[in-house]
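Q: Have a look at the structure that comes next, please.
The values are calculated or read from the model by the stated rules, or taken from the named source; none is laboratory data. Computed from a prediction, not measured in an experiment: that's the story for all the values here. Using ideal geometry, Cβ is built from the backbone for each residue, glycine included, and neighbour counts are taken over all protein chains shown. Side chains are part of the model used for accessible areas, which takes the heavy atoms of the whole protein and leaves out ligands, DNA and RNA. Shrake-Rupley method; radii C 1.70, N 1.55, O 1.52, S 1.80 Å.
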Amino acid sequence: MSKRPGGKSILANFGAFSQSEAGASESKNHSPPSAQPLARVGAGVIGATQRSLAELREERDNLRALVDSGGGTELDPKLVDPSPFPDRLPDDSDADFEALKKLILEEGQKVPIQVRRHPDSEGRYQVVYGHRRWRAAAELGIKVKATILSLSDSELVVAQGIENAARQDLSWIERALFAWRMDAAGIKARDIRAALSIDDPELARLRSVCRALPVGVIETIGRAPKIGRPRWIALASAVSEDPSALTRVQKTLSNDKVLSLPSDERFKHALAAVRKAPPLSRSEKEIKGPAGKIVGKATFSGGDIKLSITTEYASAFGGFLEEELPMLMERFFAREGEV
(Lines give C-alpha, C1' and ligand atoms only; values in the text may rest on other atoms or scores of the structure.)
Protein backbone atom coordinates (compact mmCIF):
# COMPACT_ATOMS: atom_id res chain seq x y z
CA MET A 1 0.00 0.00 0.00
CA SER A 2 1.94 3.05 1.19
CA LYS A 3 5.10 4.14 2.93
CA ARG A 4 5.12 6.73 5.67
CA PRO A 5 6.15 10.02 4.04
CA GLY A 6 9.28 11.74 5.25
CA GLY A 7 10.12 9.16 7.90
CA LYS A 8 8.52 11.37 10.56
CA SER A 9 7.16 9.55 13.60
CA ILE A 10 3.63 9.73 14.87
CA LEU A 11 4.95 11.46 17.98
CA ALA A 12 6.54 14.16 15.86
CA ASN A 13 3.20 14.73 14.18
CA PHE A 14 1.53 14.93 17.57
CA GLY A 15 4.14 17.47 18.65
CA ALA A 16 3.51 19.72 15.67
CA PHE A 17 -0.22 19.44 16.22
CA SER A 18 0.23 20.25 19.91
CA GLN A 19 2.16 23.43 19.16
CA SER A 20 -0.46 24.76 16.77
CA GLU A 21 -3.27 23.92 19.15
CA ALA A 22 -1.40 25.41 22.09
CA GLY A 23 -1.33 28.81 20.38
CA ALA A 24 -5.04 28.64 19.76
CA SER A 25 -5.70 27.50 23.29
CA GLU A 26 -3.65 30.30 24.86
CA SER A 27 -5.69 32.87 22.97
CA LYS A 28 -8.71 31.42 24.76
CA ASN A 29 -6.96 31.44 28.17
CA HIS A 30 -6.55 27.68 28.26
CA SER A 31 -3.32 25.92 29.11
CA PRO A 32 -2.22 23.15 26.75
CA PRO A 33 -1.58 19.74 28.26
CA SER A 34 2.04 19.08 29.14
CA ALA A 35 3.78 16.23 27.33
CA GLN A 36 5.24 13.49 29.51
CA PRO A 37 8.53 11.70 28.66
CA LEU A 38 7.96 8.48 26.78
CA ALA A 39 9.03 5.26 28.45
CA ARG A 40 10.83 3.17 25.84
CA VAL A 41 10.95 -0.59 25.76
CA GLY A 42 13.06 -2.97 23.70
CA ALA A 43 13.45 -2.24 20.00
CA GLY A 44 11.70 -4.33 17.38
CA VAL A 45 8.38 -4.87 19.17
CA ILE A 46 6.48 -3.34 16.29
CA GLY A 47 8.85 -4.25 13.51
CA ALA A 48 8.62 -1.80 10.62
CA THR A 49 7.37 1.02 12.85
CA GLN A 50 10.41 0.66 15.14
CA ARG A 51 8.40 1.88 18.11
CA SER A 52 7.01 0.08 21.13
CA LEU A 53 3.37 -0.46 21.95
CA ALA A 54 3.95 1.56 25.11
CA GLU A 55 5.03 4.53 22.98
CA LEU A 56 2.02 4.27 20.70
CA ARG A 57 -0.33 4.07 23.65
CA GLU A 58 1.38 7.11 25.14
CA GLU A 59 0.90 8.93 21.84
CA ARG A 60 -2.76 7.96 21.82
CA ASP A 61 -3.16 9.37 25.33
CA ASN A 62 -1.43 12.58 24.24
CA LEU A 63 -3.85 12.83 21.35
CA ARG A 64 -6.80 12.39 23.67
CA ALA A 65 -5.46 15.18 25.88
CA LEU A 66 -5.32 17.42 22.83
CA VAL A 67 -8.86 16.40 21.94
CA ASP A 68 -10.03 17.40 25.42
CA SER A 69 -8.48 20.83 24.90
CA GLY A 70 -10.56 21.36 21.75
CA GLY A 71 -8.23 20.06 19.03
CA GLY A 72 -9.41 18.81 15.65
CA THR A 73 -9.97 19.86 12.05
CA GLU A 74 -13.36 19.86 10.36
CA LEU A 75 -13.55 17.77 7.19
CA ASP A 76 -16.23 17.07 4.62
CA PRO A 77 -17.18 13.40 5.23
CA LYS A 78 -17.30 12.95 1.44
CA LEU A 79 -13.52 13.47 1.36
CA VAL A 80 -12.96 10.64 3.85
CA ASP A 81 -12.73 6.94 3.00
CA PRO A 82 -12.88 3.98 5.42
CA SER A 83 -9.73 2.29 6.66
CA PRO A 84 -8.16 0.01 4.04
CA PHE A 85 -8.18 -2.66 6.76
CA PRO A 86 -11.83 -3.17 7.84
CA ASP A 87 -12.09 -4.56 11.35
CA ARG A 88 -15.83 -4.57 11.95
CA LEU A 89 -18.88 -6.48 10.78
CA PRO A 90 -22.37 -4.93 10.81
CA ASP A 91 -24.21 -4.90 14.13
CA ASP A 92 -27.39 -6.96 14.50
CA SER A 93 -29.26 -3.75 15.25
CA ASP A 94 -28.73 -0.08 14.32
CA ALA A 95 -30.14 1.06 17.66
CA ASP A 96 -26.75 2.01 19.14
CA PHE A 97 -25.71 3.84 15.99
CA GLU A 98 -29.00 5.74 15.81
CA ALA A 99 -28.52 6.78 19.45
CA LEU A 100 -25.01 8.04 18.62
CA LYS A 101 -26.30 9.94 15.61
CA LYS A 102 -29.02 11.57 17.72
CA LEU A 103 -26.46 12.55 20.36
CA ILE A 104 -24.20 14.18 17.76
CA LEU A 105 -27.17 15.99 16.24
CA GLU A 106 -28.25 17.38 19.60
CA GLU A 107 -24.92 18.03 21.30
CA GLY A 108 -22.36 18.04 18.52
CA GLN A 109 -19.37 15.75 17.97
CA LYS A 110 -17.34 15.81 21.17
CA VAL A 111 -14.45 13.53 20.21
CA PRO A 112 -12.70 13.87 16.82
CA ILE A 113 -12.04 10.82 14.70
CA GLN A 114 -8.48 10.09 13.56
CA VAL A 115 -7.59 10.02 9.87
CA ARG A 116 -4.49 9.77 7.75
CA ARG A 117 -3.84 11.45 4.43
CA HIS A 118 -4.82 9.11 1.62
CA PRO A 119 -1.65 7.54 0.19
CA ASP A 120 -2.95 7.55 -3.39
CA SER A 121 -5.50 10.38 -3.65
CA GLU A 122 -4.48 13.99 -3.03
CA GLY A 123 -6.91 15.85 -0.81
CA ARG A 124 -8.59 12.72 0.53
CA TYR A 125 -8.26 10.91 3.85
CA GLN A 126 -8.68 7.44 5.34
CA VAL A 127 -10.17 6.69 8.75
CA VAL A 128 -7.79 5.25 11.34
CA TYR A 129 -10.56 4.95 13.90
CA GLY A 130 -13.92 6.59 14.47
CA HIS A 131 -15.87 5.00 11.61
CA ARG A 132 -19.23 5.30 13.37
CA ARG A 133 -18.76 9.00 14.09
CA TRP A 134 -17.71 9.55 10.47
CA ARG A 135 -20.76 7.66 9.21
CA ALA A 136 -23.04 9.62 11.55
CA ALA A 137 -21.67 12.95 10.31
CA ALA A 138 -22.11 11.83 6.70
CA GLU A 139 -25.74 10.82 7.28
CA LEU A 140 -26.44 14.06 9.16
CA GLY A 141 -24.87 16.12 6.38
CA ILE A 142 -22.42 17.89 8.70
CA LYS A 143 -18.65 18.15 8.80
CA VAL A 144 -16.71 15.65 10.87
CA LYS A 145 -14.08 16.72 13.38
CA ALA A 146 -10.82 14.89 12.82
CA THR A 147 -7.16 14.85 13.72
CA ILE A 148 -4.94 14.31 10.68
CA LEU A 149 -1.75 12.26 10.79
CA SER A 150 0.72 10.88 8.26
CA LEU A 151 0.89 7.12 8.83
CA SER A 152 2.29 4.14 6.99
CA ASP A 153 0.13 1.04 6.64
CA SER A 154 1.94 -0.65 9.52
CA GLU A 155 1.47 2.36 11.78
CA LEU A 156 -2.19 2.61 10.79
CA VAL A 157 -3.03 -0.98 11.72
CA VAL A 158 -1.12 -0.76 15.00
CA ALA A 159 -2.92 2.47 15.95
CA GLN A 160 -6.25 0.97 14.87
CA GLY A 161 -5.57 -2.20 16.83
CA ILE A 162 -4.57 -0.34 19.98
CA GLU A 163 -7.76 1.70 19.89
CA ASN A 164 -9.88 -1.44 19.47
CA ALA A 165 -8.01 -3.20 22.28
CA ALA A 166 -8.72 -0.23 24.54
CA ARG A 167 -12.45 -0.56 23.84
CA GLN A 168 -12.36 -4.39 23.88
CA ASP A 169 -15.45 -4.63 21.67
CA LEU A 170 -14.22 -6.56 18.64
CA SER A 171 -15.59 -10.09 18.54
CA TRP A 172 -13.19 -12.98 17.99
CA ILE A 173 -14.14 -13.43 14.35
CA GLU A 174 -13.76 -9.69 13.68
CA ARG A 175 -10.20 -9.96 14.97
CA ALA A 176 -9.66 -12.95 12.66
CA LEU A 177 -10.93 -11.00 9.65
CA PHE A 178 -8.79 -7.98 10.62
CA ALA A 179 -5.70 -10.21 10.69
CA TRP A 180 -6.70 -11.88 7.40
CA ARG A 181 -7.07 -8.55 5.62
CA MET A 182 -3.74 -7.32 6.95
CA ASP A 183 -2.15 -10.54 5.68
CA ALA A 184 -3.69 -9.99 2.25
CA ALA A 185 -2.32 -6.44 2.14
CA GLY A 186 1.22 -7.60 2.90
CA ILE A 187 1.43 -6.33 6.49
CA LYS A 188 4.22 -8.19 8.30
CA ALA A 189 3.24 -10.79 10.88
CA ARG A 190 5.07 -8.94 13.66
CA ASP A 191 2.99 -5.84 12.99
CA ILE A 192 -0.23 -7.88 12.91
CA ARG A 193 0.70 -9.37 16.28
CA ALA A 194 1.37 -5.89 17.62
CA ALA A 195 -1.90 -4.51 16.26
CA LEU A 196 -3.93 -7.26 17.92
CA SER A 197 -1.68 -7.78 20.99
CA ILE A 198 -1.46 -11.52 20.29
CA ASP A 199 1.25 -14.18 20.04
CA ASP A 200 2.15 -16.53 17.18
CA PRO A 201 -0.17 -19.41 18.22
CA GLU A 202 -3.19 -17.11 18.38
CA LEU A 203 -2.33 -15.56 15.01
CA ALA A 204 -2.14 -19.08 13.57
CA ARG A 205 -5.61 -19.84 14.93
CA LEU A 206 -7.07 -16.65 13.49
CA ARG A 207 -5.57 -17.48 10.11
CA SER A 208 -6.75 -21.10 10.15
CA VAL A 209 -10.40 -20.10 10.53
CA CYS A 210 -10.24 -17.64 7.65
CA ARG A 211 -8.49 -20.22 5.47
CA ALA A 212 -11.27 -22.75 6.04
CA LEU A 213 -14.28 -20.43 5.89
CA PRO A 214 -14.87 -18.11 2.91
CA VAL A 215 -15.12 -14.45 3.88
CA GLY A 216 -18.64 -14.39 2.42
CA VAL A 217 -19.77 -17.07 4.88
CA ILE A 218 -18.21 -15.23 7.82
CA GLU A 219 -19.81 -11.95 6.78
CA THR A 220 -23.20 -13.65 6.42
CA ILE A 221 -22.94 -15.07 9.94
CA GLY A 222 -21.83 -11.68 11.28
CA ARG A 223 -20.14 -10.43 14.46
CA ALA A 224 -21.45 -13.24 16.70
CA PRO A 225 -20.18 -11.43 19.82
CA LYS A 226 -20.98 -14.34 22.16
CA ILE A 227 -19.23 -16.93 20.00
CA GLY A 228 -15.61 -17.34 20.98
CA ARG A 229 -12.57 -19.04 19.57
CA PRO A 230 -13.40 -22.70 20.39
CA ARG A 231 -16.67 -22.79 18.45
CA TRP A 232 -15.29 -20.87 15.46
CA ILE A 233 -12.40 -23.34 15.32
CA ALA A 234 -14.87 -26.23 15.59
CA LEU A 235 -16.83 -24.87 12.63
CA ALA A 236 -13.67 -24.32 10.57
CA SER A 237 -12.36 -27.82 11.40
CA ALA A 238 -15.63 -29.45 10.41
CA VAL A 239 -15.61 -27.67 7.06
CA SER A 240 -11.97 -28.63 6.49
CA GLU A 241 -12.60 -32.29 7.24
CA ASP A 242 -15.83 -32.70 5.27
CA PRO A 243 -15.94 -31.18 1.74
CA SER A 244 -19.75 -31.29 1.76
CA ALA A 245 -20.03 -29.39 5.05
CA LEU A 246 -19.45 -25.99 3.47
CA THR A 247 -22.33 -26.58 1.06
CA ARG A 248 -24.60 -27.40 4.00
CA VAL A 249 -23.53 -24.22 5.79
CA GLN A 250 -24.16 -22.06 2.74
CA LYS A 251 -27.57 -23.65 2.19
CA THR A 252 -28.47 -23.06 5.85
CA LEU A 253 -27.40 -19.41 5.70
CA SER A 254 -29.45 -18.83 2.55
CA ASN A 255 -32.65 -19.50 4.47
CA ASP A 256 -34.56 -16.25 5.06
CA LYS A 257 -35.61 -17.35 8.55
CA VAL A 258 -31.99 -17.95 9.54
CA LEU A 259 -30.86 -14.64 8.04
CA SER A 260 -33.44 -12.79 10.14
CA LEU A 261 -31.90 -14.12 13.37
CA PRO A 262 -29.20 -12.36 15.45
CA SER A 263 -25.65 -13.24 14.42
CA ASP A 264 -25.04 -15.53 17.42
CA GLU A 265 -28.07 -17.60 16.40
CA ARG A 266 -26.96 -17.66 12.75
CA PHE A 267 -23.66 -19.12 13.90
CA LYS A 268 -25.43 -21.85 15.89
CA HIS A 269 -27.42 -22.87 12.81
CA ALA A 270 -24.22 -22.98 10.74
CA LEU A 271 -22.48 -25.15 13.33
CA ALA A 272 -25.48 -27.49 13.53
CA ALA A 273 -25.37 -27.86 9.75
CA VAL A 274 -21.82 -29.24 9.75
CA ARG A 275 -22.22 -31.66 12.60
CA LYS A 276 -22.67 -35.15 11.24
CA ALA A 277 -26.07 -36.69 11.92
CA PRO A 278 -26.04 -39.98 13.86
CA PRO A 279 -26.28 -43.13 11.72
CA LEU A 280 -29.87 -43.79 10.69
CA SER A 281 -31.42 -46.72 12.50
CA ARG A 282 -32.52 -49.71 10.45
CA SER A 283 -35.51 -51.74 11.52
CA GLU A 284 -37.52 -54.63 10.11
CA LYS A 285 -41.11 -55.65 10.68
CA GLU A 286 -42.69 -58.97 9.77
CA ILE A 287 -45.93 -58.90 7.78
CA LYS A 288 -48.38 -61.59 8.87
CA GLY A 289 -51.65 -62.89 7.52
CA PRO A 290 -54.89 -63.40 9.59
CA ALA A 291 -53.73 -66.82 10.79
CA GLY A 292 -50.36 -65.46 11.91
CA LYS A 293 -48.49 -66.81 8.92
CA ILE A 294 -45.55 -64.62 7.82
CA VAL A 295 -46.23 -63.41 4.27
CA GLY A 296 -43.57 -60.70 3.92
CA LYS A 297 -41.26 -58.20 5.52
CA ALA A 298 -41.06 -54.38 5.72
CA THR A 299 -37.61 -52.78 6.07
CA PHE A 300 -37.22 -49.17 7.24
CA SER A 301 -33.82 -47.46 6.85
CA GLY A 302 -33.94 -43.68 6.99
CA GLY A 303 -35.88 -42.52 3.96
CA ASP A 304 -35.87 -45.98 2.39
CA ILE A 305 -38.86 -48.25 2.85
CA LYS A 306 -38.83 -51.71 1.28
CA LEU A 307 -41.64 -54.26 1.17
CA SER A 308 -40.95 -57.92 0.41
CA ILE A 309 -44.01 -60.13 -0.14
CA THR A 310 -44.01 -63.87 -0.70
CA THR A 311 -44.60 -65.01 -4.28
CA GLU A 312 -48.03 -66.34 -3.35
CA TYR A 313 -49.37 -62.85 -2.56
CA ALA A 314 -46.92 -60.55 -4.37
CA SER A 315 -49.00 -59.85 -7.48
CA ALA A 316 -52.32 -59.36 -5.69
CA PHE A 317 -50.77 -57.22 -2.92
CA GLY A 318 -48.96 -55.09 -5.48
CA GLY A 319 -52.24 -54.26 -7.23
CA PHE A 320 -53.96 -53.57 -3.91
CA LEU A 321 -51.18 -51.23 -2.75
CA GLU A 322 -51.24 -49.33 -6.04
CA GLU A 323 -54.98 -48.68 -5.60
CA GLU A 324 -54.78 -47.78 -1.91
CA LEU A 325 -51.61 -45.66 -1.98
CA PRO A 326 -53.33 -42.31 -2.85
CA MET A 327 -55.81 -42.78 0.01
CA LEU A 328 -53.00 -43.81 2.33
CA MET A 329 -51.04 -40.65 1.55
CA GLU A 330 -54.15 -38.51 2.15
CA ARG A 331 -54.56 -40.06 5.59
CA PHE A 332 -50.87 -39.45 6.32
CA PHE A 333 -50.94 -35.74 5.40
CA ALA A 334 -54.23 -35.25 7.28
CA ARG A 335 -52.59 -36.67 10.41
CA GLU A 336 -49.59 -34.32 9.90
CA GLY A 337 -51.93 -31.35 9.68
CA GLU A 338 -51.26 -30.72 5.98
CA VAL A 339 -54.20 -30.45 3.64
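Q: Show the residues, 5+ positions off or on another chain, whose built amide H is closer than 5 Å to the amide H of Gly296.
A: Excluding prolines and chain starts, which carry no amide H, the hits are Ile287, Thr310.
Q: Still on this model: Give the residue from Gly216, Gly130, Leu196 lying farthest towards the positive end of the charge dipole for the stretch 112-216; charges sit on Cβ (+1 for Lys and Arg, -1 for Asp and Glu) and the dipole is referred to the Cα centre.
A: In the stretch 112-216, that residue is Gly130.
Q: Can you tally the net charge around Lys101? Count Lys and Arg as +1, Asp and Glu as -1, for every other residue whose Cβ sits under 12 Å from the Cβ of Lys101. Working shown, then result.
A: On the way: positive: Lys102, Arg132, Arg133, Arg135; negative: Asp94, Asp96, Glu98, Glu106, Glu107, Glu139.
Net charge in that neighbourhood comes out at -2.
Q: Now for a separate question. Please compute the contact order of the stretch 219-339 in relative form: average sequence separation of alpha-carbon pairs under 8 Å and at least six residues apart, divided by the residue count, as a percent.
A: Numbers: 103 pairs, mean separation 20.2, N = 121.
Computed value for the stretch 219-339: 17 percent relative contact order.
Q: Over the heavy atoms of Arg190, what accessible area does a 1.4 Å probe trace out, to the nearest 10 Å²?
A: The accessible area comes out at roughly 100 Å².
Q: Amide H to amide H, which residues 5 or more places from Asp81 or on other chains are under 5 Å from it, using H placed in the peptide plane?
A: Long-range HN contacts for Asp81: Tyr125, Gln126, Val127.
Q: Note down the nm distance, to one decimal, between modelled labels 7 Å out along Cα→Cβ at Glu322 and at Asp94.
A: 6.2 nm
Q: Given R₀ = 25 Å, FRET efficiency for Asp81-Arg207 by Cβ-Cβ distance, to 0.05? Mind showing how you got there, number by number?
A: Details: r = 26 Å, r/R0 = 1.06.
Efficiency, from the Cβ-Cβ distance: 0.40.
Q: Continuing with the same structure: Quote to one decimal, in nm, the extra length available between Asp200 and Met329 on full extension: 0.36 nm per residue of separation minus the C-alpha distance between them. Walk me through the intermediate numbers first.
A: Values: separation 129, 0.36 × 129 = 46.44 nm, distance 6.05 nm.
Full extension from Asp200 to Met329 adds 40.4 nm.
Q: Hand me the trypsin sites (Lys or Arg not before Pro) from the stretch 206-293 located in a DSSP loop with no more than 16 other Cβ atoms within 10 Å, in residue order please. It would help to have the intermediate numbers written out before the result.
A: On the way: sites: Arg207, Arg211, Arg223, Lys226, Arg231, Arg248, Lys251, Lys257, Arg266, Lys268, Arg275, Lys276, Arg282, Lys285, Lys288, Lys293; in loops: Arg223, Lys226, Arg275, Lys276, Lys293.
Filter output for the stretch 206-293: Lys226, Arg275, Lys276, Lys293.
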